[in-house]
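Some notes on the structure that comes next.
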Amino acid sequence: MNILFDIRYALRNLAKAGSFSALTIAVMTIGLASSIYVLTIVKSLLFEPIYFPEGERVINIQRRVNNEWRSTLLHDYQKIREESKTLELTSAFDTETAVLADEFKSVRYSGVHVKGDYFAITGIDVALGRTLTKEDYIPGSLPVVILSHEIWQNHFGGDKDIIGRSIKINRKSTQVIGVTVAGVEHPAPNMLWQPLQQDANNIPFKKSPSIHFYARVKPGVAIDQAIKEIESIFSNSPELAPIPGQVITPRILPLKISYISGGITTFYIMLSAALFVLLLCCINVANLLLARANGRMKETAIRLALGAPRKKLISQMMWEAFIICSAGGLLAILLAGWGLDTTMAFFASNSNSGHFPKWAQMSLQADNILVAMLVIASTIVLTGFIPAIRASNCAFNEILKDGSKTSLGKKSGWVSKALVGLQISLSCTLMIVSGVQFIIIHQAINKGYGVSLENFISGRVNPHRDFYSKGEAQTAYFDRLLAEAQRIPGVEAATLISAVPMEWSTHRSIEPEGQGYDGNDLVRSNIVTAYPDALQTLGIGLLEGRLFDERDTSDSPEVVVVSDLLARMLWPNESAIGKRLRTYSDKKEKPKKWITVIGVVPQVVQNEMFDAEKTPNMYRPFAQNPRDAMAVVLKTLGDPALYKDDLEHAALKIDPNTPLYRANPFTVQAKQDRTFEEFVRTIFGLFALSALVMAATGIYGMMTNHVKRRTQEIGIKRALGIPDRAITRLMMHQSTLQLAAGTVIGVPLGYVLSQLFVQDLGAVTDLYQMMYFLVPAIIAAVVFTATMIPLLKVLQQSPASALRYE
Amino acid sequence: MNKPLISMESINKVFYSDDVETHALSNINLTIHEGEYLAITGPSGCGKSTLLSVLGLLDTASSGNYQLASQPSMNLSTKQRSHIRNKEIGFIFQSFNLISDMSVWENVLLPLSYRSDLKNNEKDALAKEALEQVGMSHRMNHYPAQLSGGQQQRVAVARAIAGKPSLLLADEPTGNLDTKNAKAVMELLSKLHNTGCTICIVTHDPNYAAATQRSVHMIDGQIVADEQNPRAAVNDFMADIEATA
């Protein structure tokens, strides 16, 4: 007999115990799949560098003003580029609407205005023509553009003579100098690239444009070293911090991390929960294998009596764990791979572009599979080793003398009890943490955005400032668009607003009058520009004061409507009406004019779902705070999706060079907006469910084994006339002790961990607290059911057959 | 007389449980020579199975001196004891102790599978020979549950002798068998003895004890009698077996 025989024997035994094998493999599959799935996500997003050349050295440089994250400015870029010794490449870029229009069509794309070493950093190469040269950046030089392969194919039909051709971008003649290779996705697909000709030396700091700043650290230089250098550049450049008391520091992250910095905590919580599930699975399978080893103790005793070396016996016993974990692992890899594909498809289907970004691609590649194999190998050791060690340590002589399948002894009983206790604890903790997270997110999603989203559709327009300068021309354009939108049949109302609820809007620091300004700790508020009837149309009701009307013109005193949250933050226990506030820009030395509060409205979700209770909103009339880009909103009588074409047509009718973009019903936008939250909710729902399945199967398996082992004892007691009720009470008492030991640790731990993100995210109601009671109740029900079912089976036997039980 | 295979001097075995000391073996002095056929007899609880366990290195003595094949065996490691059990000692149990999930062939091959000094074909040959010796080679693909009690014990004997051990220990080998099967097993043991095997059996049946060369009688953990059986008794037993057959 050799290893092959051992494997064959283990396989035969597993096949004989079909339901046991199926259960343990299913348990391992759940545990391994969830951990491999989440590990791959976390590894792909947090630990793998961006796909750019030498991506591990590419960083994103942002600015912090008094420790608050702010947009990076062109002046920051230029200063660091000039002075840094640790950076190999630097690049600034920003995106802007780019309308490609001719006599046949007008399509809105995103244009990227780039400066510095953009193409070297991103690795974007051209298939036709050339990239940008120094001459292209000189102000006043011939406007040039590089098209993405996709725009070249789809917009220009793959015209082979495209290089050198003059096309109109935002009505300006621009020469095509290059076409990228296919599949370029930075910063998104379907882009076109132009030189950023602005030069910080020719622009006053207060007009410094916001940019994205990427850099590549020199080979051999640690990122920390670059951070220190850039910190030093900031601290030695007072011109970058014009307001006294301002402290400017860099916020530097590896590029990929910077894309998801807001979600890192969530990913780590997910990873912890997944590892919890895996640990729970391992304990579950170890428990089941221990029970199985217990049942096969006589075989182990015989082997030991026949001189089986302990090491060989352990390795033989590990084969079952190996097969269970390997089968579970193989299924888990397939399941995790499917899960990753489904996740990417889910995000793609809920995104505006219908596309999953290249930088976030997740797949089970060779190194991820290697990690998965390591996880599987660990589970083999975790699940198989304890039962094998315990079994190989048995008092084989006593077992052989008794001639019956006795237990592993007191020590093993304690191991088993400890494992059940641990299982109850972990199940409680995981179910509470996942359940609370699930409820909080579910409630936030269901709570909505503070307004009804039904029967609304919006699309954005961005009339180019070269043709619609702020003032009359711009206002005339928006007025015409509004009038045109109102004429669409079936439209109940139409309005314009800079950011519809749930949409990102600009935010500024706010200073209330009379409370002094020290540059620090000011409330940040979203600032939304609205047409006079916008708030009524959107259903944002008035709580106090008035909304905008014809009195609020560009010449009248400046006014603002604030949300009740902002009012409470700035003037607690006072009416906000008549109070004044002003906004601050980090770039300008002097604050803006005082603005008078004329109305208070309810707080609605403006940016992120969980930000609604943290960042308040304020609304400014368009006449006093015009914006280049606005959303035109239709309140429709029927299905808003049916109005999309009419809305787009209305915009083109006014100006074929200013097409509408991102036109979608509010409900669709909301679905896109909450994609991540829905994903996290689903994951934590699955974790909670997994924990319940683990708890149910593991505890049931162990309790069944425990009762079976005591079958003879129960038979003796019954033969001695002890009533069934007393036996039941005894068994329930022992189960209660185990339950108590498990919950005493698991519930408080679950409470503490869940409170971390209750405090971080906030909860809509206190409903989540029911988990602290529901989970122990469920676990108690599982424990008592798991005790009663096998016990009733034993009690249904005659005492004689229980006595004969082996 | 052949040279001693087993030599025990002042062997004691004490069990401790809940502050209670139980002296299972007290001052045991016993020598077994190579090729001897010995029976340990006595009433229930007298310590005969414990003595057999100590003899077979299934258990350790609390004190005393024990030499197996002239080698001190009191302070052996678990690994060394396993090795000796596997190579030098064959066990036959009252309840057969066959592994129900293994076929007859696999059961017989089981102790050989832990032998690193044998090649696979040698192991197969030894297992085959042992099964032929007990007349069970035609049932090698059966599982224990498909065999009668007598057949199971014959398989257990085959497993015990497959590795050609120096010592064969049998603990109540006929205890779970009817008379006919019991006699068949005893005949088998006698035949094995005739081939030169050293055998020590534990039995409470005086007839079977009389069929051996020497009877060691125990009471309360002590050897109270150690005598050679008359040759006539052995012959009578063998004749009886032959007549029954």
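If you take the Cα centroid of the range A:613-671 and the Cα centroid of the range A:461-508, the two points sit 7 Å apart.
The long axis of helix A:675-709 is offset from the longest Cα principal axis of chain A by roughly 0 degrees.
Where in the range A:287-307 does accessible area fall by at least 20 Å² between the isolated chain and the complete protein assembly, at a 1.4 Å probe radius? So the qualifying set is A:Lys298, A:Glu299, A:Ile302, A:Arg303, A:Ala305, A:Leu306, A:Gly307. Surface composition of the range A:456-673: carbon plus sulfur atoms contribute 49% of the solvent-accessible area (1.4 Å probe, protein chains only, all chains present). Considering only B:Lys87, B:Lys128, B:Lys191, the mean-square fluctuation computed in a Gaussian network model of chain B, springs between alpha carbons under 10 angstrom, is largest for B:Lys191.
Sorted from longest to shortest, the spans of the Cα atoms of chain A along the three principal axes equal 102, 60, 56 Å. Rounded to 0.05, the FRET efficiency of the A:Leu4 and A:Ala366 pair, given R0 = 35 Å and the Cβ-Cβ distance, is 0.75. Helix-only arithmetic for chain A: the sum of -39500 (n - 2.57) across DSSP H runs with n ≥ 4, divided by the residue total, places the mean residue ellipticity at 222 nm at -16500 deg cm²/dmol.
For the range A:456-673, the equivalent ellipsoid derived from the Cα gyration tensor has semi-axes of 30, 19, 16 Å, listed largest first.
Relative to the Cα centre, the charge distribution of the protein assembly as shown, modelled as +1 at Lys and Arg Cβ and -1 at Asp and Glu Cβ, gives a dipole magnitude of about 1400 debye.
For chain A, the solvent-accessible area of protein heavy atoms averages 43 Å² per residue (probe radius 1.4 Å; ligands and nucleic acids excluded). Put a plus charge on the Cβ of each Lys and Arg, a minus charge on the Cβ of each Asp and Glu, and nothing anywhere else: the dipole of the range A:187-252 about its Cα centre is then about 120 debye.
Among beta bridges identified by DSSP and lying wholly in the range A:68-246, the antiparallel ones come to about 75 percent.
List, by residue number, every residue in the range B:77-124 with a reduction of 50 Å² or greater in accessible area between the chain on its own and the complete protein assembly, 1.4 Å probe. Buried on complex formation: B:Arg85, B:Asn97, B:Ile99, B:Asp101, B:Met102, B:Glu106, B:Ser113, B:Tyr114. Stretching A:Arg524 away from A:Ile389 to a fully extended chain increases their span by 42.5 nm, per 0.36 nm per residue minus the current alpha-carbon distance. Mind checking which lysines have their Cα closer than 22 Å to the Cα of A:Lys298? Skip sequence neighbours fewer than 8 apart in that chain. Leaving aside lysines fewer than 8 places away in the same chain, those within reach of A:Lys298 are A:Lys16, A:Lys311, A:Lys312, A:Lys401, A:Lys405, A:Lys410, A:Lys411, A:Lys417, A:Lys708, B:Lys48, B:Lys79, B:Lys87. Potential lengthening of the chain between A:Gln175 and A:Asp533 amounts to 124.6 nm, from the contour at 0.36 nm per residue minus the alpha-carbon distance.
Going 7 Å from the Cα of A:Ile223 toward and past its Cβ, which residues in the range A:252-277 have a backbone nitrogen under 14 Å from where you end up? Answer for this model: A:252-262, A:264. Taking a Cβ cut-off of under 11 Å around A:Trp359, the surrounding Lys, Arg, Asp and Glu residues balance to a net charge of 0, with basic ones at +1 and acidic ones at -1.
Taking label points 7 Å from Cα along the Cα-to-Cβ direction, A:Trp338 and A:Arg12 give a separation of 3.3 nm. Candidate cross-link partners of A:Lys579 among the lysines, defined by an alpha-carbon separation under 16 Å and a same-chain spacing of 8 or more, comprise A:Lys592, A:Lys593.
Taking every DSSP bridge with both residues inside the range A:456-673, close to 75 percent are antiparallel. Interface between chains A and B: roughly 2300 Å² of accessible area buried, both sides summed (probe 1.4 Å, protein heavy atoms only). On a 0 to 90 degree scale, rounded to 10, what angle separates helix A:223-235 from the longest Cα axis of chain A? Its long axis makes an angle of about 40 degrees.
Annotation: lysines with alpha-carbon distance below 25 angstrom to A:Lys671 (same-chain offsets under eight excluded): A:Lys256, A:Lys358, A:Lys447, A:Lys614, A:Lys635, A:Lys644. Above 25 Å, the calculated P(r) of chain B contains 42 percent of its Cα-Cα pairs.
Look at where the Cα atoms of the range A:202-269 and of the range A:89-168 average out, and the two centres are 27 Å apart. Note on A:Leu774 and A:Arg725: the model spin-label points, each 7 Å out from Cα along the C-beta direction, lie 3.6 nm apart. Each residue, A:Leu542 and B:Asp19, gets one label point 7 Å from its Cα in the Cβ direction; the gap between the two is 9.0 nm.
The values are calculated or read from the model by the stated rules, or taken from the named source; none is laboratory data. As the structure is a prediction and not an experimental result, all values here were calculated from the model. Using ideal geometry, Cβ is built from the backbone for each residue, glycine included, and neighbour counts are taken over all protein chains shown. Accessible surface areas use protein heavy atoms only, side chains included; no ligands, DNA or RNA. Shrake-Rupley method; radii C 1.70, N 1.55, O 1.52, S 1.80 Å.
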